[in-house]
Amino acid sequence: MAHPSQLGFQDAASPVMEELLHFHDHALMIVFLISTLVLYIIVAMVSTKLTNMNILDSQEIEIIWTILPAIILILIALPSLRILYLMDEINNPHLTVKAIGHQWYWSYEYTDYKELAFDSYMVPTQDLTPGQFRLLEVDHRMVVPSEAPVRVLVTAEDVLHSWAVPALGVKMDAVPGRLNQTAFIASRPGVFYGQCSEICGANHSFMPIVVEAVPLKYFQDWSTLMLENA
């Protein structure tokens, strides 16, 4: 969960998010080194009156500043492509959940069960209990088992939405008439918050997403209780 004045990302709660954080740090260090070198060259050019003809007209330097950026781009592109393929990899999910975006709430259907489906509305501010987060808490959370691959089928009923949970490294557009899929593995039990990340209308920031990861035993008890109350 993010907190006020936080500078970095949320703590990773899935293997994919851990890889994304590592890639972010890797790319940031490359950007930092390039920025430092460019700043040094600018300061040196402005602060000195000395001129070196070998620098002004040198084929070797032109070769270096052509090849070096290409190498840097390769060092950034290869890890990025690796993570991109990892994010698209969906192998034998243990659970499939269909998330449907509406104006302005989410509906969830557990397709492995016959009648397990519910709507998830934001809890109004006046109904919040101590410890709940304003504009982030919902009346029915999406409950999934931890340490198990979960596939999420994402679509929309009316306009474009986007199902996003930063701590899990998940963000997938919900398009009317189209079924997109993504997957994640919650590496630990916990409650993870997200919001619709598409400008889908006036109340687009008021359709939060709450994913609660619990051990498998508690998930079975929850699903049984939900089916009995259906």
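Straight-distance candidates among the aspartates and glutamates for linking to K217, with alpha-carbon spacing under 13 Å and chain neighbours fewer than 8 residues away dropped: E147.
Fully extending the segment from Q181 to D11, taken as 0.36 nm per residue of separation minus the present Cα-Cα distance, adds 58.8 nm.
Return the FRET efficiency for the residue pair I71, Y218: r is the Cβ-Cβ distance, R0 is 35 Å, and the value is rounded to the nearest 0.05.
0.10
What is the sum of charges around S187, taking Lys and Arg as +1, Asp and Glu as -1, for the other residues whose C-beta is under 14 Å from the C-beta of S187? Around S187, the surrounding residues sum to -3. For the chain, carbon and sulfur atoms together expose 62% of the accessible surface, with a 1.4 angstrom probe and every protein chain in place.
Here K171 is the anchor, and the lysines within straight C-alpha reach of less than 25 Å, apart from those fewer than 8 places off in the same chain, are K98.
Rolled with a 1.4 Å probe across the full set of protein chains, the surface gives H3 an accessible area near 110 Å².
Spin-label model, L128 to L21: label points 7 Å out along the Cα-to-beta-carbon direction sit 2.5 nm apart. Shape summary: the chain maps onto an equivalent ellipsoid whose semi-axes, from the alpha-carbon gyration tensor, are 46, 20, 17 Å in decreasing order.
The values are calculated or read from the model by the stated rules, or taken from the named source; none is laboratory data. Because the structure is a prediction, the values reported are computed rather than measured. Note that we place each Cβ from the backbone using ideal geometry, even for glycine, and neighbour counts take in every protein chain shown. Protein only, heavy atoms only, side chains kept; ligands, DNA and RNA dropped before computing areas. Shrake-Rupley method; radii C 1.70, N 1.55, O 1.52, S 1.80 Å.
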